[in-house]
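The values are calculated or read from the model by the stated rules, or taken from the named source; none is laboratory data. On a predicted model such as this, the values are computed, not experimentally measured, just so you know. Positions of Cβ are generated from backbone atoms using ideal geometry, with glycine treated the same way; all protein chains shown enter the neighbour counts. Just the protein is used for accessible areas: all its heavy atoms, side chains included, with ligands, DNA and RNA removed. Shrake-Rupley method; radii C 1.70, N 1.55, O 1.52, S 1.80 Å.
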Amino acid sequence: MENFNIGDIISTIIMLLIFIAIFYVMIKMIKKLKPLATLPPQDTLLQKVDGLTTRVDNLELQVKKLSERHNSK
């Protein structure tokens, strides 16, 4: 079994530190860029109410038609 030189140990430690530093910087950059990602605009409350009102109107119309069909038989 070979003995390791002190130079080998130092260069290995330096390479490990460089790797850790690059990893740390990349994580910081990803965290910084995350809030900048554009999210699709969410519907406002008024738009949601309008959509629900339209759906309710359609359902009421369908119920009315079905009840008219049922009464006409």
Probe of 1.4 angstrom, ligands and nucleic acids ignored: what's the accessible area per residue over the chain, in square angstrom? 107 Å²
Inter-label distance for D8 and L59, nm, one decimal - labels placed 7 Å from Cα along Cα-to-Cβ: 7.5 nm
Kirkwood hydrodynamic radius of the chain, Cα pairs, Å: 19.4 Å
